[in-house]
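Report on the following structure.
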Amino acid sequence: MSSQPTSLHAWLTSETPASRRQARWAAFYKGWLSLKSNHMAMAGLAIILALVLIAAFAPWIAPHDPFVQDLGNRLQPLGTEGHLLGTDSLGRDILSRLIHGARITLYIVALVALIAPVAGLLVGTISGYAGGVTDMVLMRITDIFLAFPRLVLALAFVAALGAGIENAVLAISLTAWPPYARMARAETLTIRSSDYISAIRLQGAGPLRIIIKHIWPLCISSLIVRVTLDMAGIILAAAGLGFLGLGAQPPSPEWGAMISEGRRFILDYWWVATMPGLAIFAVSLAFNLLGDGLRDVLDPKDSTS
């Protein structure tokens, strides 16, 4: 009689999983251990988790109301009268606005991450599996979107839809899906000719079942890596739209809009624009570090280590 694992760690690290569930959890645990050993990726994850907590508890963390104006206390330097990061041109506390602005940043990132990859995965897998005219039409549409710089195309969509955070999310999503479609198509072209796909087809499985049950799961790991690495670009695109006044509208404490407001005082009152700029830099760097770590774990064939 074989001995049973005596602890959760032994169960997760067993070389002979007794069930599909155990094998799945063991693979997840080994991936986590690999990611945990990457200190830069863990630093990125720590920053992202801190951002999530800050956004969740913003009303209790922020030292001041981010919307209250105090013109007699405008453009105060760092550390003045309880304003750790100073005040802006309307006397509003910059730190409080950064804290509440984290909510807007995560809102945009979450919505784009839900819309663009799903749309790209759907288009790419259908194109790669169907082939022929369907593949040609879908890929030519994808090429049209890829031919335009992302920010320029987003500006065109926002100009047509109107300014606002929801329209900015939709515009960024419409410009972000083509790379996911290309990636999903390449994965599908490799998978669809596999022997096990032929066996599944002979058993009577239809195209929809094959795509959903057998092709999509194999595309997920590459998709997660690509999404994480693209988060920095999404944040910069959202900040760019906010900077131009086409994203979140005043008085919302959106980081790009804060930079736009502070650019008028950049020489004399540098902190007004610098602080939201550093916030964008830190979060973008965190997503890139985490994305590099996830790529090493989920797609080791692309690792240069």
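Only residues that are part of a loop (DSSP other than H, G, I, E, B) and under 16 Å from residue 100 (Cα atoms) were counted across the stretch 223-253, and they come to 7.
Of all residues in the stretch 34-51, those that are in contact (Cβ under 8 Å) with a residue 12 or more places away in the chain have Cβ atoms under 8 Å from Cβ atoms of residues that are basic (Lys, Arg) and part of a helix (DSSP H, G or I), 6 or more apart or on another chain, in 42/36. Checked across the stretch 211-221, the condition of being within 22 Å of the chain's Cα centre (by Cα), closer than 19 Å to residue 109 by Cα and of a type in the set (A, V, I, L, M) holds for at least one residue. A search for C-beta distances below 8 Å between a residue of the stretch 196-218 that is on the phi < 0 side of the Ramachandran plot and any residue that is surrounded by fewer than 10 Cβ atoms within 10 Å (Cβ to Cβ), counting only pairs 6+ apart in sequence or on different chains, returns 214/196. On inspection, residue 86 passes the criterion of being on the phi > 0 side of the Ramachandran plot and either of a type in the set (Gly, Ala, Ser) or under 19 Å from the mean Cα position of the chain (by Cα) (or both).
Quick one: would you say residue 122 is part of a helix (DSSP H, G or I), modelled with pLDDT under 90 and under 29 Å from residue 224 (Cβ atoms)?
Numbers: part of a helix (DSSP H, G or I): yes; modelled with pLDDT under 90: no; under 29 Å from residue 224 (Cβ atoms): yes.
No.
Considering the stretch 76-94 alone, what residues qualify as being touching a residue at least 24 places away in the same chain (Cβ under 8 Å), farther than 14 Å from residue 253 by Cβ and surrounded by fewer than 18 Cβ atoms within 10 Å (Cβ to Cβ)? Passing the criteria: 77, 78.
When the stretch 12-55 is examined, which residues are found to be part of a helix (DSSP H, G or I) and of a type in the set (D, E, K, R)?
Filtering the stretch 12-55 down to residues part of a helix (DSSP H, G or I) leaves 12, 20-36, 39-55.
Selection gives 20, 21, 24, 30, 36.
Taking residues in the stretch 259-274 that are in contact (Cβ under 8 Å) with a residue 24 or more places away in the chain, and partners anywhere that are among the acidic types (Asp, Glu) and in a helix (DSSP H, G or I), the pairs with Cβ atoms closer than 8 Å and at least 6 places apart or on different chains are 272/261. Given 153, 98, which one is free of Cβ contacts under 8 Å to residues at least 60 places away in the same chain, assigned to a helix (DSSP H, G or I), of a type in the set (A, V, I, L, M) and closer than 27 Å to residue 282 by Cα? When all the criteria are applied, what remains is 153.
Checked against (1) surrounded by 17 or more Cβ atoms within 10 Å (Cβ to Cβ); (2) among the polar types (S, T, N, Q); (3) within 18 Å of residue 271 (Cα to Cα), residue 38 meets all criteria but (3). Determine whether the stretch 125-148 contains at least one residue that is in contact with a helix residue (DSSP H, G or I) (Cβ under 8 Å, 6 or more places away or on another chain) and more than 29 Å from residue 211 (Cα to Cα). Yes, the stretch 125-148 contains a residue that is in contact with a helix residue (DSSP H, G or I) (Cβ under 8 Å, 6 or more places away or on another chain) and more than 29 Å from residue 211 (Cα to Cα). Condition (residue is touching a Leu at 6+ places or on another chain (Cβ under 9 Å), β-branched (Val, Ile, Thr) and either outside any helix (DSSP H, G or I) or under 26 Å from residue 183 (Cβ atoms) (or both)) applied to the stretch 254-267: is it met by at least one residue? Among the residues of the stretch 254-267, not one is touching a Leu at 6+ places or on another chain (Cβ under 9 Å), β-branched (Val, Ile, Thr) and either outside any helix (DSSP H, G or I) or under 26 Å from residue 183 (Cβ atoms) (or both), which makes the answer no. Here residue 163 meets each of (1) of a type in the set (A, V, I, L, M, F, W, C); (2) assigned to a helix (DSSP H, G or I); (3) surrounded by 15 or more Cβ atoms within 10 Å (Cβ to Cβ) with one exception, condition (2). Residues considered: 112, 68. Of these, the only one that is in contact (Cβ under 8 Å) with a residue 12 or more places away in the chain and closer than 24 Å to residue 289 by Cβ is 112. The conditions are (1) farther than 19 Å from residue 52 by Cα; (2) without any contact (Cβ under 8 Å) to a residue 24 or more places away in the chain, and residue 281 fails exactly one of them. Which is it? The failed condition is (1).
The values are calculated or read from the model by the stated rules, or taken from the named source; none is laboratory data. Treat the numbers as computed from the prediction; the structure is a model and nothing was measured. Using ideal geometry, Cβ is built from the backbone for each residue, glycine included, and neighbour counts are taken over all protein chains shown.
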